[in-house]
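Some notes on the structure that comes next.
The values are calculated or read from the model by the stated rules, or taken from the named source; none is laboratory data. From a predicted model like this one, the values you see are computed outputs, not experimental measurements. Positions of Cβ are backbone-derived with ideal geometry, glycine not excepted, and every protein chain shown enters the neighbour counts. Ligands, DNA and RNA are excluded from the accessible area calculation, which covers all protein heavy atoms including side chains. Shrake-Rupley method; radii C 1.70, N 1.55, O 1.52, S 1.80 Å.
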Amino acid sequence: VAAGRKYSDFAVLYRMNSQSNILEKMFVKSGVPYRIIGGLRFYERKEIKDIMAYLRLIYNPFDDIALKRIINVPKRSIGDASIAELARVAEQEGKSMLAALTSENIDPRAMKKIKPFADTMGEFIALSRTMPLSEFTWGMISALEYETYLKAEDKRGEVESRMDNL
């Protein structure tokens with residue numbers, strides 16, 4: 001830092017949350033300590049975590065944590081009992097929860113709610129193998145109707161900003 005100044009002597013102001021991503025990357029790359037005040041770090045935002053969880057699960061079918069995060073994003077009315085049933089079958093069969101989505105050992109009541117999610121994930125996995133990542137990601141966001149989901153959840157008028165983040 002120049003002329004005997006400390007990092008804490010400086011501040012960077014920006015107008016849109018989506019601008020924080022590039023700033024954070026540069027600070028990390030340069031070894032500059034930083035703190036976000038009045039907002040979240042880019043990768044801590046819900047919309048980023050949600051879409052990243054979809055991508056992690058698609059490219060790593062053993063990521064049960066990602067599956068648990070997104071199984072109800074957008075809302076699919078898959079309850080805790082159905083998720084527990086899926087986890088039980090996955091453990092019993094020695095599979096990931098994603099692989100267990102199509103198991104015949106899942107209780108039919110749970111399967112009724114889980115099947116649409118299983119179908120969606122199967123389609124996403126197939127498409128991810130044939131499309132460039134950026135094109136696939138935007139197609140996935142569109143197919144999920146994620147913007148509609150954000151609008152339904154929005155209480156502070158932040159949908160446009162959250163979509164900009166994506």
> Going through segment 120-159 one residue at a time, which ones are surrounded by 12 or more Cβ atoms within 10 Å (Cβ to Cβ), of a type in the set (S, T, Y) and under 21 Å from P61 (Cα atoms)?
Replying inline: T120, S128, T137
>> From the list D9, D80, D64, exactly one residue is open to solvent by less than 90 Å² (accessible area, probe 1.4 Å) and without any contact (Cβ under 8 Å) to a residue 12 or more places away in the chain. Which is it?
In response: D9
> Is it true that some residue in segment 17-38 is out of contact with any His (no Cβ under 8 Å at 6 or more places or on another chain), within 21 Å of E153 (Cβ to Cβ), of a type in the set (S, T, N, Q) and open to solvent by 80 Å² or more (accessible area, probe 1.4 Å)?
Replying inline: no
>> Being open to solvent by 50 Å² or more (accessible area, probe 1.4 Å) and under 22 Å from F136 (Cα atoms) is the filter here; which residues of segment 83-114 pass it?
In response: none
> Identify, please: which residue in segment 39-61 is under 30 Å from E93 (Cα atoms) and of a type in the set (K, R) and is, among those, most open to solvent (accessible area, probe 1.4 Å)?
Replying inline: R56
>> Just checking, does segment 40-47 include any residue being modelled with pLDDT of 90 or more and under 12 Å from the mean Cα position of the chain (by Cα)?
In response: yes
